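The values are calculated or read from the model by the stated rules, or taken from the named source; none is laboratory data. Being a predicted model, the structure only gives us computed values, none of them experimental. Don't worry about glycine lacking a Cβ; one is built from the backbone with ideal geometry, like all the others, and counts go over all protein chains shown.
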Amino acid sequence: MQGIVACPKPVIAEVSGIATAAGCQLVASCDLAIAADTAKFSTPGVHIGLFCSTPMVALSRNVANKHAMEMLLTGDMIPAARAAEMGLVNRAVAASDLQDTTLELARKIASKSSLTLATGKRAFYAQSEMPLAEAYDYASQVMVDNMLARDAEEGIDAFLAKRSPKWQDA
């Protein structure tokens, strides 16, 4: 799960069935998640006397505390639409549209600078663990460093010239 967060590339979960315990943890660990409207999610350990403590880590970092606690304390199965409302998944779509929707999102993200995506992903997770003032200081330095990257220069030039950027991932 930590490898997903540490991976410089965005990781997208595509959920077509039931994701319980570690499966739910995996979905919560991914950067983005698209679910079929028939998918379901649960942390059911409490039903057998085991609290889903490791799924709790990813879940509590991706949904509001009250939603995470409800899932962890009840073990109830959550339908995809509710998972989307809670923020566990980005959206719930018709099962027939699941793969196309996920691929469309992946293609959109893949069209961006890999360097910029890696910079942003690393900064997103790093700042989330910092106190507010420290997070702003850190994010400001990331912005300065990012502005010095060749891809930022190319992106700005392309915008001004009204053309598509040619990323160099540098």
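Residues of segment 26-54 that are free of Cβ contacts under 8 Å to residues at least 40 places away in the same chain, in contact with a helix residue (DSSP H, G or I) (Cβ under 7 Å, 6 or more places away or on another chain) and under 17 Å from Val11 (Cβ atoms): Ser29, Cys30.
Just to be sure, is Ile48 out of contact with any Pro (no Cβ under 6 Å at 6 or more places or on another chain), among the β-branched types (Val, Ile, Thr) and either closer than 28 Å to Arg122 by Cβ or surrounded by 15 or more Cβ atoms within 10 Å (Cβ to Cβ) (or both)? In short, no.
Selection over segment 31-58 of residues that are in a helix (DSSP H, G or I), within 30 Å of Leu103 (Cβ to Cβ) and either at pLDDT below 95 or touching a Cys at 6+ places or on another chain (Cβ under 7 Å) (or both) gives a count of 1.
Report, by residue number, each residue of segment 127-152 that is surrounded by 14 or more Cβ atoms within 10 Å (Cβ to Cβ) and part of a helix (DSSP H, G or I).
Once the filter is applied, which keeps residues that are surrounded by 14 or more Cβ atoms within 10 Å (Cβ to Cβ) and part of a helix (DSSP H, G or I), segment 127-152 yields Gln127, Ala135, Tyr138, Ala139, Val142, Asn146, Asp151, Ala152.
If you go through segment 63-77 one residue at a time, do you hit one that is of a type in the set (Lys, Arg) and not in a helix (DSSP H, G or I)? No, segment 63-77 has no match at all.
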